[in-house]
Amino acid sequence: MTALPIPHPALPAPVAGIATLMAGFSLEVTRPSDADIAALSMLKHGTRIYISAVPNRPVDEAVRAAIGVRATGLEPVPHVAVRNFASADALDDFLARLSGEARVDNVLVIAGDRNESGPFRSALDAIDSGMLRRRGMHTIGIAGYPQGHPRIGDEELSRALRDKIAAAEAIGLTVEIVTQFCFDARAILDFIARLRAFGFDHRLRIGVAGPTSFASLMRYASRCGVRASAQALSRRAGLMRQVFAMATPDDLLRTLAEAAPAGIVPHFFSFGGIPATGRWAHAVAEGRISIEGSEGFRVEPPKDGASN
């Protein structure tokens, strides 16, 4: 059963609710540089940093990034895109290196965004192989899609999700669901309700686009197949306010803090840059925000001597 979040009694409501939601937030990074990783050192010790799998890039990159994240005091969670591995031995070697060189015991298992594959066509194939458990993985993340998948039907998605959860739990793996980023609070809350009704009571990481420009946000939304139009996005207070600067997910987080059940944690995609996303999320988690009207909030600048 998911542990209840620790409240923040020193903060005024609804700031306390937002800070409580943010406890345990995670961050997703792609090909981070040493400087990017160093910039995340302000985050709470043990914060989970998910390392994206980039097609056609050597696995050494992901291993080095995981080692760097671990050395910073954070928790590396590499993506394992199973279609990227031409053989079972190649996947086994990757998992062995993650475990042995970066002390990784938690990975996000996905099929991978490519048509061709080796012996592993789906995340379920890798889970069923038992290889993850043998290589010391204790927890795995699997993908969730609050607004569906552009190439997979909803019924097939639901069946695959149930099968992966059952297969992982059968071999002693703890399961978390990590969702694609989404802009629609209603779609997210409905997705959470369906999972809870199904009986999934473990942690659920909700994908959220971190601070970025409106143009970049639309580009990533189109590339990832997220059903979000410019008109729908423009209705968000945060985007309207900062359409020519940085779009922030403040109104979405405020809605989730008010309406989502326990066990829900934001998972930030660093489209606007790794350091900027880390700083913003860290400030929100600390409660350094000011509430604005009935929707959204602003991050306050750090006071002299405060962490930043």
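The values are calculated or read from the model by the stated rules, or taken from the named source; none is laboratory data. Model, not experiment: these values are computed from the prediction. Every residue, glycine as well, gets a Cβ built from its backbone with ideal geometry; the counts of neighbours run over all protein chains shown.
Looking only at segment 285-294, which residues are surrounded by 13 or more Cβ atoms within 10 Å (Cβ to Cβ), modelled with pLDDT of 80 or more and not aliphatic (A, V, I, L, M)? Give the derivation first.
So the first thing to find is which residues in segment 285-294 are surrounded by 13 or more Cβ atoms within 10 Å (Cβ to Cβ), and the list is 285-289, 291-292.
Still in the list and also modelled with pLDDT of 80 or more: 285-289, 291.
Scanning segment 285-294 gives E286, G287, R288.
Could you check, for segment 41-53, whether at least one of its residues is among the aliphatic types (A, V, I, L, M) and more than 30 Å from S290 (Cα to Cα)? Talk me through it step by step, then tell me what you get.
Kept after step one, since they are among the aliphatic types (A, V, I, L, M), are these residues of segment 41-53: 42-43, 49, 51, 53.
With more than 30 Å from S290 (Cα to Cα) added as a condition, the list becomes 51, 53.
Yes; the residues of segment 41-53 include at least one that is among the aliphatic types (A, V, I, L, M) and more than 30 Å from S290 (Cα to Cα).
Please count how many residues of segment 160-211 are free of Cβ contacts under 8 Å to residues at least 60 places away in the same chain, aromatic (F, W, Y) and either touching a strand residue (DSSP E or B) at 6+ places or on another chain (Cβ under 8 Å) or closer than 29 Å to G278 by Cα (or both). Spell out the reasoning first.
Pass one, segment 160-211, residues free of Cβ contacts under 8 Å to residues at least 60 places away in the same chain: 160-177, 180, 182, 184, 186-187, 190-191, 193-195, 197-200.
Of the ones still in play, those that are also aromatic (F, W, Y) are 191, 198, 200.
Keeping just the survivors that are either touching a strand residue (DSSP E or B) at 6+ places or on another chain (Cβ under 8 Å) or closer than 29 Å to G278 by Cα (or both) gives 191, 200.
The number of residues fulfilling the criteria is 2.
Can you name the helices (runs of 4 or more DSSP H) wholly within segment 1-103 that have at least 3 residues being surrounded by 21 or more Cβ atoms within 10 Å (Cβ to Cβ)?
Numbers: elements: 15-22, 34-39, 59-71, 88-102.
Those helices (runs of 4 or more DSSP H) span 15-22, 59-71, 88-102.
Identify all residues within segment 104-119 that are under 30 Å from T47 (Cα atoms) and in a loop (DSSP other than H, G, I, E, B); write none if there are none.
Going through segment 104-119, the residues under 30 Å from T47 (Cα atoms) turn out to be 104-114.
Listed by number, the residues that qualify are V104, D105, A111, G112, D113, R114.
Residue-by-condition table, conditions (1) assigned to a helix (DSSP H, G or I); (2) in contact with a Lys or Arg (Cβ under 8 Å, 6 or more places away or on another chain); (3) farther than 24 Å from I49 by Cβ:
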| position | (1), (2), (3) |
| --- | --- |
| L124 | yes, yes, yes |
| G136 | no, no, no |
| A143 | no, no, no |
| E156 | yes, no, yes |
| R159 | yes, no, yes |
| A166 | yes, no, yes |
| V175 | no, yes, no |
| A197 | yes, no, yes |
| D201 | no, no, yes |
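Go through the residues of segment 86-101 one by one and say whether even a single one is of a type in the set (G, A, S), in contact with an Asp or Glu (Cβ under 8 Å, 6 or more places away or on another chain) and either at pLDDT below 95 or within 30 Å of E286 (Cα to Cα) (or both).
Our first condition is that a residue be of a type in the set (G, A, S); within segment 86-101, this holds for 86-88, 90, 96, 99-100.
Next cut, in contact with an Asp or Glu (Cβ under 8 Å, 6 or more places away or on another chain) only: 99.
Then drop every residue that is not either at pLDDT below 95 or within 30 Å of E286 (Cα to Cα) (or both), which leaves none.
The answer is no; no qualifying residue exists.
Quick grid of which residues meet (1) of a type in the set (S, T, N, Q); (2) assigned to a strand (DSSP E or B); (3) surrounded by 20 or more Cβ atoms within 10 Å (Cβ to Cβ); (4) at pLDDT below 80:
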{"residue": "L253", "(1), (2), (3), (4)": "no, no, yes, no"}
{"residue": "P266", "(1), (2), (3), (4)": "no, yes, yes, no"}
{"residue": "P275", "(1), (2), (3), (4)": "no, no, no, no"}
{"residue": "S307", "(1), (2), (3), (4)": "yes, no, no, yes"}
